[in-house]
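Participant: Can you read through this structure? Questions will come right after.
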Amino acid sequence: MNGIICINKPEGFTSFDVIAKLRGIMKIRRLGHGGTLDPMATGVLPVYVGTATKACDIMPDSSKSYRASFELGRVTDTQDITGTVLSSSDMRVSRDSIEELLPGFTGKIMQIPPMYSAVQVNGQRLYDLARKGVEVERQPREIEVKSLTLADYDGESRRGVLEVSCGKGTYIRTLIHDIGEKLGCGGIMTELERTSSGGFTLTDCYTLAEVQAAADENRLEELILPIERVFGSLPRLRLNEVQTRMYRNGVKLDLNRINRIKQDKLRYSVYGCDGCFIGIAAADTERSELRAVKNFI
């Protein structure tokens with residue numbers, strides 16, 4: 001069994017909890033996930049099955065989108081509703097005040113990872129240090145927030161919803177914390193749903209209960225998406241019979257002898273003469289060679 005199964009992660013589960021649960025349901029050990037979600041978060045968690053786990057570190061689309069609920073007027077040590085309150089404020093905040101700030105949090109910006117995160121500093125996970133009451137200096141990292149919209153806000157309760165589209169490595173609770181800090185009143189994340197990840201959306205997802213039901217009815221294969229779905233954004237190359245045989249044997253192919261090669265593209269999805277997906281290839285235009293990056297068969 002090889003491919004991708006998208007899970008709508010339930011609240012209270014870590015991403016690893018989902019993997020552990022699926023190993024029990026699917027009776028397979030070789031599983032990996034596409035992007036960690038905090039236990040309080042729900043939503044899209046692509047899980048790679050079998051040989052598809054080789055795609056985890058070469059996905060061309062690392063974009064994600066979220067729907068995040070927030071509350072202004074509080075600061076916690078975890079930057080979300082699960083943490084210990086460090087400060088509070090009665091300051092009133094208008095919708096206009098929030099929307100005026102959002103452009104400054106859009107685009108390529110610097111973000112300091114939260115202490116309660118899996119980021120490593122000197123070989124130690126930040127969350128391990130945080131649980132011991134230790135706070136260390138963290139270096140800001142560049143992230144990209146592609147779009148940031150205030151979808152809902154109530155000035156009386158100071159609660160609202162942000163819709164965020166971003167690149168990998170973005171902490172949404174930190175984004176909310178930083179917005180609250182800029183407003184002068186503080187802010188925490190109260191709920192988080194990932195609505196898309198790596199090109200997959202909630203419509204692609206199944207609950208763990210649905211996966212269990214499919215396993216009980218011996219139809220798990222129906223839930224598995226083909227691995228080539230991950231590489232849909234890459235141009236496709238279809239090899240002839242001779243090229244297919246050579247490529248599968250590790251031979252680098254002459255770019256000048258491959259039909260429909262695009263000299264301005266560096267990576268391709270490669271298909272054999274039978275139309276079956278083989279893997280991902282890189283074009284070396286200086287040497288005029290096509291070489292395998294990773295094969296999935």
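Here, each number is a calculation from the coordinates, and none is a lab measurement. Everything numeric here is computed off the predicted structure, so don't read it as measured data. With ideal geometry, Cβ positions are generated from the backbone for all residues, glycine too; neighbour counts draw on all protein chains shown.
Participant: For the range 286-297, in order, what is each residue's ³J(HN,Hα) by Karplus, 6.51 cos²θ - 1.76 cosθ + 1.60 with θ = phi - 60°, in whole Hz (x at glycine and Pro)?
Facilitator: Those phi angles translate into 5, 9, 6, 10, 10, 10, 6, 8, 7, 9, 10, 10 Hz.
Participant: Here is a further query. Lys/Arg Cβ at +1, Asp/Glu Cβ at -1, dipole of the range 234-295 taken about the Cα centre: which of CYS276, VAL251, ILE261 is farthest positive-ward?
Facilitator: CYS276
Participant: Sorted from largest to smallest, which semi-axis lengths in Å does the alpha carbon gyration tensor of the range 234-295 give for its equivalent ellipsoid, taking the root of 5 times each eigenvalue?
Facilitator: 16, 12, 11
Participant: Please give the net charge around ALA151, taking every other residue with its beta carbon less than 13 angstrom from that of ALA151, where Lys and Arg add +1 and Asp and Glu add -1.
Facilitator: Here the charged neighbours net out to -3.
Participant: Another question, if that's okay. Kindly provide the GluC sites (Glu not before Pro) of the range 198-291 that DSSP labels as loop, not H, G, I, E or B, and whose Cβ sees at most 14 other Cβ atoms within 10 Å.
Facilitator: GLU217, GLU286
Participant: Can I get the semi-axes of the range 106-183's equivalent ellipsoid? Compute them from the C-alpha gyration tensor as square roots of 5 times the eigenvalues, in angstrom, largest first.
Facilitator: 26, 16, 10
Participant: Another question, then. What shape does the range 50-150 have by the C-alpha gyration tensor, where a ≥ b ≥ c are the square roots of the eigenvalues, rounded means a/c under 1.5, and otherwise prolate means a/b greater than b/c and oblate the rest?
Facilitator: Oblate shape, in that a/c is at least 1.5 and b/c is the bigger or equal ratio.
Participant: Still on this structure: Provide the gained length on full extension for the span MET91 to GLU142, in nm with one decimal, where the gain is 0.36 nm per separating residue minus the Cα-Cα distance.
Facilitator: 15.3 nm
Participant: At 222 nm, what helix-only mean residue ellipticity would the chain give, in deg cm²/dmol to the nearest 500, using -39500 (n - 2.57) for each DSSP H run of four or more?
Facilitator: Result for the chain: -5000 deg cm²/dmol, rounded to the nearest 500.
Participant: Show me the ranking of peptides 163-176, 90-103 by mean Cβ neighbours inside 10 Å, starting with the highest.
Facilitator: Highest to lowest by the protection proxy: 163-176, 90-103.
Participant: Which of rounded, prolate, oblate describes the range 191-273, given a ≥ b ≥ c as roots of the alpha-carbon gyration tensor eigenvalues and a/c under 1.5 marking rounded, otherwise prolate only if a/b is larger than b/c?
Facilitator: oblate
Participant: Taking +1 at the Cβ of each Lys and Arg and -1 at the Cβ of each Asp and Glu, which of PHE16, SER89, ALA55 sits farthest along the dipole of the chain towards its positive end, judged by Cα position relative to the Cα centre?
Facilitator: Most positive-ward Cα: ALA55.
Participant: Here's something else I'd like to know. For HIS177, HIS33, which order do you get if you count the other beta carbons within 10 Å of each Cβ and list the fewest first?
Facilitator: Least crowded to most crowded, the residues run HIS33, HIS177.
Participant: In addition: Could you pull the Rg and Dmax for the chain, using just the Cα atoms, both in Å?
Facilitator: For the chain, the Cα-based Rg and Dmax read 22.4, 73 Å.
Participant: Let me ask something additional. So who's got an amide H within less than 5 Å of the one on VAL293, skipping anything under 5 residues away but keeping other chains? H placed 1.01 Å off N, in plane.
Facilitator: Counting only residues 5 or more places away or on other chains, the set is ILE280, ALA281, ALA282.
Participant: Right, another one. Could you work out how much longer the chain between LEU202 and PHE16 gets when fully extended? Use 0.36 nm per residue separation minus the Cα distance between them, nm to one decimal.
Facilitator: 65.0 nm
Participant: Output the pairs from LYS64/LYS294; LYS21/LYS54; LYS54/LYS252; LYS27/LYS108; LYS9/LYS252; LYS132/LYS294 with a Cα-Cα distance over 32 Å in this structure; if there are none, say none.
Facilitator: Beyond 32 Å: LYS27/LYS108; LYS9/LYS252; LYS132/LYS294.
Participant: Taking the range 248-297, which trypsin sites (Lys or Arg not before Pro) meet the DSSP loop condition and have no more than 11 other C-beta atoms within 10 Å?
Facilitator: ARG260, LYS262, ARG287
Participant: Something else now. For the range 1-103, list log₁₀ I(q)/I(0) at each q in 0.09, 0.10, 0.11 Å⁻¹, using the Debye formula over Cα point scatterers of equal strength and ignoring solvent, two decimals each.
Facilitator: Once normalised to I(0) and log-transformed, intensities are -0.36, -0.44, -0.51.
Participant: Remind me, relative contact order of the chain in percent, using alpha carbon pairs under 8 angstrom and six or more residues apart?
Facilitator: Dividing the mean separation by the residue count of the chain yields 22 percent.
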